[in-house]
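Below you'll find the structure, written out as structure tokens, and then a few comments.
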Amino acid sequence: ILGGQRAISVRRLIGYAFGAGRTTIDIREPTYGVSHQSTFRMCSTAIDCSAYPCARKDDSIVDDYHGQKICDPYRYMENPDGDETKEFVDKLNSISAPFIEKSAHREDCRKRLTELWNYEKFTVTSKRGAHYYYKHNTGLQNQYVTYQTDAVGTKGKVFFDPNTLSEDGTTFLRSGSFTKDGTLYAYGLSEKGSDWMTIKFKTSSGADLEDEIPGAKFSGISWTGDNSGVFYSRYPHHKGATEGTSAEKHEWHSLYYHKMGTRAEEDVLVYKREDNPDMMVDGSVTDDGRFLIISAARGCDPYNMLYYYDLRAVNNKITGPIEAVPLFDTLEAKYEYIDHDDDKMIIRTNKGAPMFKIQTMSLKEGRSSLTDLIPENPKANLEWACPLIGGRLVVGYIEDVKAALYMHEQSSGKLLYQIPLDIGTVSGFYADKEENELFLAFESFLVPMIEYRMDFAGVPIEKMPEMKEIRRVQINGMEKEAFKVEQVFYPSKDGTKIPMYIISNANMQRNGENPVILNGYGGFNVADMPYFSVSRLLFVRHFGGVYACANLRGGSEYGEAWHEAGMKQNKQNVFDDFISAGEYLVAEKITKPAKLTIHGGSNGGLLVGACSQQRPDLFGCAINRVGVLDMLRFHKFTIGGAWVPEYGCADVKEDFDNIIKFSPLHNVEIPEGGQWPATLLMTADHDDRVVPSHTLKYIATLYEKAKAHGKQTNPIMARVEVKAGHGAGKPTSKIIAEQVDLYAFIQRVVGLKWIP
């Protein structure tokens, strides 16, 4: 979220594979329910299951999990480059493509979505040295273009255009970092959706430098204060760094230093954990260039350790592994560096504060000197903080799933004022404590983007300067007055109140006939905030649909307790929350099961898979995008080991006993006398985060069960995209094509009607 001098944490890079008060109070109202004896839903387009391809089974592959034998007959599909795997992918696409192409309104949808997508898009402005920078997309460009300008609000000139790097637009800018004085720029490029990144360099005048670092992954880029080099993270000696498609397990993530003017092979290992191969390391240099701050965590573990190293004391000379000084060296809480004043650190933490607080700590006195600067607010999750000029500290909260900004005095923690925002999300933010300007970008379900600028020059600390609107993006034909956004709180199975946003046409009728897409994620401490999506509004406007976003446990909407209530042994809570959302939408006569589609990606794909199995009678359609579906072996591939703190590991008996209950691959059973919901699985052949074998093994099992069942007529299909990855950096052309096919599938199975 921070567009300024902040480094994105490793957990946030991965967990995405991947807000008044706690709501886990006792609720006395009955849970909304749809009888499990309801008639199973058959969609309007029947498919003869004999048409599905049969994948070869190898029943000799059997694993022993704590005395329980588990057969894995499609394990050969774990090799994405195997001939049988490629042949199966071709067969899957040969079934799904014609089915999708026969949608009566596919071309209407494609034409209209392309028209709607063709609007100007901007990122938040930042200032680097003498210049301002922002990213811009004219509308249908595959990738955003970075512009450099000397005056806010003027177009300026092109600084970096990734669209020139590949014909199909699949080379994208994953990361970027300027030196403090703005004279040098380091940037990371990725190909075809891969998480692997090559770091390159250029000057602020646009001249390319010869330095190049291949093979970085899940990495920030941070300059030393004297511009002599950068810190970055990578996996040593991993085949994927050079081959690109390897599913080999990732281990020993480490921090490295590259000195400018040298070859990448000479880069220095700075910090590596020797105690756990799944530990992940992130390093960033403080704004004044004095300290290197190192964070180490077990993958996506909500807890981390924090260390520092005085770069000034060694004159920025890095020649080998460093002796980092611990700030917090036990995995007991989350710790995040915010700023320092001489030898006093400012830290954001959830230690004893599930909704987070900000503390100060003297480097000389250590943890005994920890003092609350901004105490925990039990009704709002403190998500981030950033120092500003003049001793100010801006603090971002989530309050009942909407963003809130407050200005504090950094020395005392005193609240100065609230920065007013509508219901929505701060999608971009830039500030620097040596600059007078603050820039923030706001968006919501109905507002694409508004950018504000605040100038603190000459303004007393207790006064709020004018929030000057410098940019507002609007889309013709999608005026906000035509829509309605409602937030409801519905009871889950255990009575916990779960927030959900419902986006509909302003005149939506509660007659039980509205087609609904219910979206969920529920994991990795990621909040599903109100953000703008033109494709969602197309579904509402042109298909007469309703889009519902359930804020399930497992996210960060209400702090760490909310997250922990949806992880590991508590994962079933997430599925219950999602099922209860569907029951609410039916009970409130917003829709009926035959017209209710569930949708989720990555961890949300696990959600869709589990709920399809647990309540097939409740959902007419399921869209499962790059889902985590093989819960017994996810940790054996690429970055999957980082998810163990979230899911548990089948190698541990206690975890296995829990995981086996909901692992989608291992619980496929089409109900006798019933139907599996119409299902579209979506994955990519180059996904090196959630490897495609999750989807391939799952649909092979679904087809096996469908043929044995003999009466499954709801379509079950997979769309496997080539030359693509998990989703990051996907070119505009592929995003539109994927969304059109998604709606075309739903249109056929649910019976959507096009409204011009």
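The values are calculated or read from the model by the stated rules, or taken from the named source; none is laboratory data. In this text, all values refer to a predicted model and were calculated from it rather than measured experimentally. When we count neighbours, we look across all protein chains shown, and the Cβ atoms used for this are built from the backbone with ideal geometry, even at glycine. We work out accessible area using only protein heavy atoms, side chains counted, and drop any ligands, DNA or RNA first. Shrake-Rupley method; radii C 1.70, N 1.55, O 1.52, S 1.80 Å.
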For the stretch 695-756, which whole percent of the accessible surface, found with a 1.4 angstrom probe, sits on carbon and sulfur atoms? 56 percent
Among the GluC sites (Glu not before Pro) in the stretch 405-500, which ones are in a DSSP loop with at most 13 other Cβ atoms within 10 Å of the Cβ? Mind listing them? 434, 462, 466, 479
Size of charge dipole - the stretch 305-412 - debye, nearest 20, with Cβ of Lys, Arg +1 and Asp, Glu -1, no other charges: 100 debye
For the stretch 645-756, just say rounded, prolate or oblate: build the C-alpha gyration tensor, square-root its eigenvalues into a ≥ b ≥ c, call rounded for a/c under 1.5, and beyond that prolate if a/b exceeds b/c, oblate if not. oblate
Could you derive backbone 3J(HN,Hα) for the stretch 545-558 from the dihedral phi with the Karplus parameters 6.51, -1.76 and 1.60 (θ = phi - 60°), listing whole Hz in sequence and x where the residue is Gly or Pro? x, 10, 10, 10, 10, 8, 9, 6, 4, x, x, 10, 4, 10
Three-way shape call for the stretch 148-223 based on the alpha-carbon gyration tensor, with the a/c threshold at 1.5: oblate
In the stretch 285-382 the accessible area split gives carbon plus sulfur, as whole percent at 1.4 Å, a share of 46 percent
Computed over the stretch 631-693, the Cα gyration tensor eigenvalues, each multiplied by 5 and square-rooted, give semi-axes in Å (largest first) of 24, 19, 7
Largest first and in whole Å, what are the equivalent-ellipsoid semi-axes of the stretch 153-307 based on the Cα gyration tensor, each being the root of 5 times an eigenvalue? 26, 21, 14
How many percent of Cα pairs in the stretch 71-224 exceed 22 Å? 59 percent
Determine the principal axes of the Cα atoms in the stretch 512-605, then give the extent along each, sorted from largest to smallest and rounded to whole angstroms. 38, 27, 20
Take the Cα atoms of the stretch 228-326, build their convex hull, and give its volume per residue in Å³. 117 Å³
Give me the orientation-averaged projected area of the Cα convex hull of the stretch 452-601, in nm², one decimal. 12.0 nm²
Calculate, axis by axis, the spread of Cα positions in the stretch 42-102 along the three principal axes, and write the results as whole Å, longest axis first. 47, 32, 16
Hits among lysines - C-alpha to C-alpha of residue 259 under 21 Å, sequence gap 8 or more where chains match: 180, 200, 202, 217, 272, 317
Which lysines have a Cα lying under 19 Å from the Cα of residue 589, excluding residues fewer than 8 positions away in the same chain? 484
Any idea what diffusion coefficient the chain gets from Stokes-Einstein, in µm²/s, Kirkwood Rh on alpha carbon pairs, 20 °C, 1.002 mPa s? 80 µm²/s
Run through every distinct alpha carbon pair of the stretch 381-461 and return the Kirkwood hydrodynamic radius in angstroms, one decimal place. 13.1 Å
For the stretch 658-756, which GluC sites (Glu not before Pro) are both in a DSSP coil and crowded by at most 16 other Cβ atoms within 10 Å? 669, 672
In whole Å, what are the extents of the stretch 293-431 along the principal axes defined by its C-alpha atoms, from largest to smallest? 50, 34, 30
What share of Cα pairs, in percent, lie more than 18 angstrom apart in the stretch 674-740? 44 percent
Tell me, what is the per residue accessible area of the chain in Å², probe radius 1.4 Å? 37 Å²
Only helical DSSP H runs with n ≥ 4 go in: add -39500 (n - 2.57) per run for the chain, normalise by residue count and round the 222 nm mean residue ellipticity to 500 deg cm²/dmol. -5000 deg cm²/dmol
Restricting the stretch 469-549 to trypsin sites (Lys or Arg not before Pro) in coil, as DSSP defines it, with at most 14 other Cβ within 10 Å: 510
Would you list, by chain and number, the lysines whose Cα falls below 17 Å from the Cα of residue 493, excluding same-chain residues fewer than 8 positions away? 571
Take the alpha carbon atoms of the stretch 535-689, find their radius of gyration, then divide it by 2.2 N^0.38 Å using N residues; give the quotient. 1.07
Would you work out if the stretch 90-169 is rounded, prolate or oblate? Take a ≥ b ≥ c from the square roots of the eigenvalues of the alpha-carbon gyration tensor; rounded if a/c is under 1.5, else prolate when a/b is larger than b/c, oblate otherwise. prolate
